Amino acid sequence: WQRAQLGDPDDADSPIAAQLAYWEETLAGLPERLELPTDRPYPAEADQRGASVPVEWSAQLQRDLARLAREHNTTTFMVVAAGLLGLLSRVSNSTDVAIGFPVAGREEAALEKLIGLFVNTLVLRVNTSDNPPVRELLRRVRQQTLAAFEHQDVPFEVLVERLNPTRSMSHHPLVQVVLAWQDAAGSAATGTLGDVRISPMPVELGSARMDLTFSLGERLSESGVPVGICGAVEYRTD
């Protein structure tokens, strides 16, 4: 079905070829790896082991982020992404920084009620060589995020195959840091599913595919009032 909708990547007139052309231009010259400071030498081969640190941000910070987003015509996700990109640029001493972010992959109405995993990973790349102020950084993140959404149909594995970055057993291709954001991670109270009351149960998997994965989501009270942002940062232990 996906191939029928998007066409053949080798057909220059197909929708997927046009999207691939965007990504090829946007990600041209992307550094092979984000050089994060680590406590020990970067291993030649990733062992996929990992751990996580919980994150709890206050309701006041949640409201402040939302206010900043409104002032700059962005979303809270874009504000958090801009902050993360700025942080990564600083700690890696790099002005060319990219992160991955997952999208639901349910743009088609036919997919809205289907059970299954349609998630795709997009790349958000920002240049900070001119040390942009917050307003400009937010503008760039907004521009790049919206453009990525418009070209979100290319499966990540197809993108990697087409861009053909240097393959390594030591790190994930294209991006090594991911920001997974939930607009509404559920109410602060226990939820319901019909007559069944449900609540989340955190699970420590002990693994990590990325160097860092920030999984964050906004929480709301039953009346829709912000009560904080929660989540975790997963990291490779090697």
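Given region 166-238, what percent of its DSSP beta bridges are antiparallel, to the nearest 5?
65 percent
Which whole-number percentage describes the relative contact order of region 1-126, with Cα contacts under 8 Å and a sequence gap of 6 or more?
Normalised by residue count, the contact order of region 1-126 is 19 percent.
Please check which bits of region 87-129 a label hung off Arg162 would reach, taking the label as a point 7 Å along Cα-to-C-beta and the cut-off as backbone N under 12 Å.
none
Ordered by residue, what ³J(HN,Hα) values in Hz, to whole numbers, does region 28-36 give under the Karplus form 6.51 cos²θ - 1.76 cosθ + 1.60, where θ = phi - 60° and Gly and Pro are x?
Karplus values, whole Hz, x for Gly and Pro: 4, x, 4, x, 4, 8, 7, 7, 7.
Rank Met201, Met210, Met169 by accessible area, highest first, at a 1.4 Å probe radius?
Descending order: Met201, Met169, Met210.
Given a 1.4 Å probe and the protein chains all in place, what does the accessible area of Phe149 round to, in Å² to the nearest 10?
80 Å²
How many percent of DSSP beta bridges within the chain run antiparallel, rounded to 5?
Percent antiparallel among DSSP bridges in the chain is about 80.
Only Cα pairs under 8 Å and at least 6 apart count here; give the relative contact order of the chain as a rounded whole percent.
Once divided by the residue count of the chain, the mean separation gives 29 percent.
What order, most packed first, do the peptides 112-121, 156-165, 139-148 have when packing is the mean number of other Cβ atoms within 10 Å of each residue?
139-148, 156-165, 112-121
How large is ³J(HN,Hα), in whole Hz, for each residue of region 192-197 in order, when computed from phi with the Karplus curve 6.51 cos²θ - 1.76 cosθ + 1.60 and θ = phi - 60°, using x for Gly and Pro?
9, 9, x, 8, 9, 8
Stokes-Einstein at 25 °C, 0.890 mPa s, Kirkwood radius from Cα pairs: D for region 95-237 in µm² s⁻¹?
Reported coefficient: 138 µm²/s.
Can you give me the long-range amide H partners of Leu34? Hydrogens built in the peptide plane at 1.01 Å from N, cutoff under 5 Å, separation of 5 or more residues or another chain.
Gln176
The values are calculated or read from the model by the stated rules, or taken from the named source; none is laboratory data. These figures come from a predicted structure and were not determined experimentally. As a convention, Cβ positions derive from the backbone with ideal geometry for all residues, glycine included, and neighbour counts pool all protein chains shown. These accessible areas exclude ligands, DNA and RNA; they are computed on the full protein's heavy atoms, side chains included. Shrake-Rupley method; radii C 1.70, N 1.55, O 1.52, S 1.80 Å.
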